[in-house]
Amino acid sequence: MKAVFFLLLGIGAGWLKAGAQAKSTTLTGTMVMKTGEVFPYKLVLTDSGSVVKGYSITYKEPNETKTTIRGTLDRHMRTLSFKERDIVHSHTVRTKAYMCLVQANLEYVQDGHGKALKGAITSREADNTSCTAGEIIFNDDKELQALFSSREQFDTVITMKKKVKEQSVAEQSMTPEPIVEEKVTAGVEKLYEWHSDTVVIDVWDGGTVDEDRISIQYNGKPVLSGYSLVKAKKQLRIPVAGWDINTILIMAENEGFDPPNTASMMLTDGSIKYSILAYNKKGNASLIKIKRIK
């Protein structure tokens, strides 16, 4: 990874930075086939913005197959889609599976062993011959953090600004902590302890307005149906029922013209706020649970 150098000057004001450089990342994981076989699988990626390219390695040396790849990376949604294009070199490997050039859509999800970037293999031969189905899994936490890091890479960054006085302890205590956005999707739930007797829900499209449509259910009852998200916030105020677990279900009715379906939400519990991004494919839903605290 290209190093980042900072030159700080204590005079003048303004800034200047050199052009952004491509970022290189290696992912090591496994390819699990429907035949029960498990093969080592590695991606070496270079990305420039959302476009990734590089190569894949299947099996271990000296029997590896190396293939060029190209795809897209969405750091905000934590997804990686790619397709193997051309075989650079390969060796004979005996396997029960009928192996093809891989095409995969991977999502960062919670599985039985923690967080993982995983997804099904959806490839076919050029003549439409079916290939053995399987799944690709990457679960090295450091590699995944490096992949999804949004820090820009520069050859050189030059900053020129005036020195800012340090905040006093009193001023620091008055500075509100930033609200961390939580991501929820099908299979990833959130549970919040609730103090007030009302849940206030603000919902809007925080990204590109692409005609995403959602429905919201509270404890299984519809409170918003077929709503098209816009930049303006839609607010719902709902009484918290009893002391048991209450559920908020956000259903993706479509995926707009910029998949997947994404809904920005703010849940307010008195003076406490929770920022949430619910994202799903069409027909899937995000689940949020709240439990009233006595």
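Please treat every number below as a calculation from the coordinates, not as lab data. Since the model is a prediction, treat every value here as computed from it, not as a measurement. Cβ atoms come from the backbone with ideal geometry, glycine included; neighbour counts cover every protein chain shown.
Taking the number of Cβ atoms within 10 Å of each Cβ as an exposure proxy, the fewest-first ranking of Asp210, Asp111, Asp205 is Asp111, Asp210, Asp205.
Fewest-first ordering of Trp204, Trp243, Trp194 by other beta carbons within 10 Å of each residue's beta carbon gives Trp243, Trp204, Trp194. All distinct Cα pairs of segment 179-292 go into the 1/r average, and the inverse of that average, the Kirkwood radius, is 13.9 Å.
Diffusion coefficient (Stokes-Einstein, Kirkwood radius over C-alpha pairs, 25 °C, 0.890 mPa s) for segment 23-148: 166 µm²/s, rounded to a whole number.
The fewest-to-most ranking of Arg292, Arg94 by surrounding Cβ atoms within 10 Å reads Arg94, Arg292.
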